[in-house]
Amino acid sequence: ITNSKEIYLQHNQNVFSFEFAALDFNSPQSIKYAYKMEGFDDNWIESGERRFITYTNLSPGEYIFKVKSTNADGVWQNNSKEVKIIISSPWW
């Protein structure tokens, strides 16, 4: 997400994972995460301390993956990041 704003995938590359992190060197175990794939997930999904997600068998189309975190005190930050995912349709 830091280096790319869009990721292009072929129709058969519809299984992929994201790993993410927010840095707090004093209490990294206290940070919680939430993510959402717009176009697939209806709501934010809180994943607790888990820092990865895998999506499987997404249909061709455009999606926006978003992730955000809390600070060490558990307060949600205005730090969401996003990347656009484009899965192409098969040629047939």
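The values are calculated or read from the model by the stated rules, or taken from the named source; none is laboratory data. Everything quoted here is computed from the prediction, not taken from an experiment. Backbone-built Cβ (ideal geometry, glycine too); neighbour counts: all protein chains shown. To get the accessible areas, we keep the full protein, side chains included, count just its heavy atoms, and leave off ligands, DNA and RNA. Shrake-Rupley method; radii C 1.70, N 1.55, O 1.52, S 1.80 Å.
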Are any residues in the range 1-21 open to solvent by 60 Å² or more (accessible area, probe 1.4 Å) and closer than 27 Å to S88 by Cβ, and if so, which ones? I1, T2, N3, K5, E6, Y8, Q10, N12, Q13, V15, S17, E19
Scanning the range 22-36 for residues that are in a loop (DSSP other than H, G, I, E, B), open to solvent by less than 70 Å² (accessible area, probe 1.4 Å) and hydrophobic (A, V, I, L, M, F, W, C), which turns out nearest to S88 (Cα to Cα)? A22
Of all residues in the range 49-88, how many are touching a His at 6+ places or on another chain (Cβ under 6 Å) and of a type in the set (S, T, Y)? 1
